[in-house]
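Below is one structure, written out as structure tokens; comments come after it.
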Amino acid sequence: MGQPTRHHRSVLAPQTRRSFLRRAGFAGGAALSLVGLAGCSDDGGSSVRVSRAPGSSAAQFVHGVASGDPLTDRVMLWSRVTPAIEGDISVNWFLSESPDMRNVLRSGTVITGASRDYTVKVDATGLVANTTYYYCFETATERSPVGRTKTLPTSGVERLRIAVLSCSNYPFGFFNVYGRVAERADLDLVLHLGDYIYEYPGRGVSEAENPDEYGDGRPLGRAPEPPYEIVSLDDYRTRHACYKTDVDLQELHRQHPMIWDHPISSPAIRV
Ligand SMILES: [Fe+2]
């Protein structure tokens, strides 16, 4: 993977880096298409954790895109395919310096499947320090939202601006702060401290009944899945997928690279 593929043509309207934020509405991918940039293939798979659009027979990117652990010359790119049928899926990825993905600087193909919960994780290397990049994923029929990321600077920078977030509990509130941070165009990265997800039961235990529990979503209707304390890898994957359906969390990841301080238990969870 990762061989540069330059001089691709695109049918996309030109976008500036500044307009990337304003056009958050294309997160669903409706306004863009990379079809024609490179060939993709798609087979499908099982273990669907979030329902697809009614009538859809294609694998979909319903958990958004993310980037993280940036270094001066590389950054991790992530997404997850929600498959239509069981089987491995071939996913192409693209990285560009422009949000319209007009000039693809890096690209590759990865195979994902049930063994890794249909996640896609790419270490995009050979990048320039302190530089903004854009990326997306594509199967034969679906394209992910276009994400933005940035490499770390080496030295001599006048400013490094970091948003710090901490302890994010899906059933205890909406992620409005994530949405506001996503709107900031002047950030270099997001540092998430503490709990990125919580393992507590999702239903049947109220705060009044047991103040040590933090999983009751009844006041807000945001009961997490699965509705019990997560202990297994499959539990963690399901809980993580539940959080990743939040639109503000998806937009936060789409706009900024993230670094965690917390040793999250499941390898499927980390970007
Ligand atoms: Fe915490």
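The values are calculated or read from the model by the stated rules, or taken from the named source; none is laboratory data. It should be emphasised that the depicted structure is a prediction, and the values quoted were computed from it without experimental measurement. No Cβ is skipped: glycine too gets one built from the backbone with ideal geometry, and neighbour counts run over all protein chains shown. With ligands, DNA and RNA removed, areas are computed over all heavy atoms of the protein, side chains included. Shrake-Rupley method; radii C 1.70, N 1.55, O 1.52, S 1.80 Å.
If you scan region 227-236, which residues turn out to be at pLDDT 90 or above and either farther than 16 Å from S168 by Cα or open to solvent by less than 20 Å² (accessible area, probe 1.4 Å) (or both)?
Filtering region 227-236 down to residues at pLDDT 90 or above leaves 230-236.
Residues satisfying the conditions are I230, V231, S232, L233, D234, D235.
Regarding E142, is this residue more than 28 Å from P226 (Cβ to Cβ) and away from the ligand (no atom under 16 Å from the Cβ)?
Answer is no for this residue.
Filter region 178-193 down to the residues that are within 16 Å of the ligand (Cβ to nearest atom) and either touching a Gly at 6+ places or on another chain (Cβ under 7 Å) or open to solvent by 20 Å² or more (accessible area, probe 1.4 Å) (or both) and list them by number.
Result: L191, L193.
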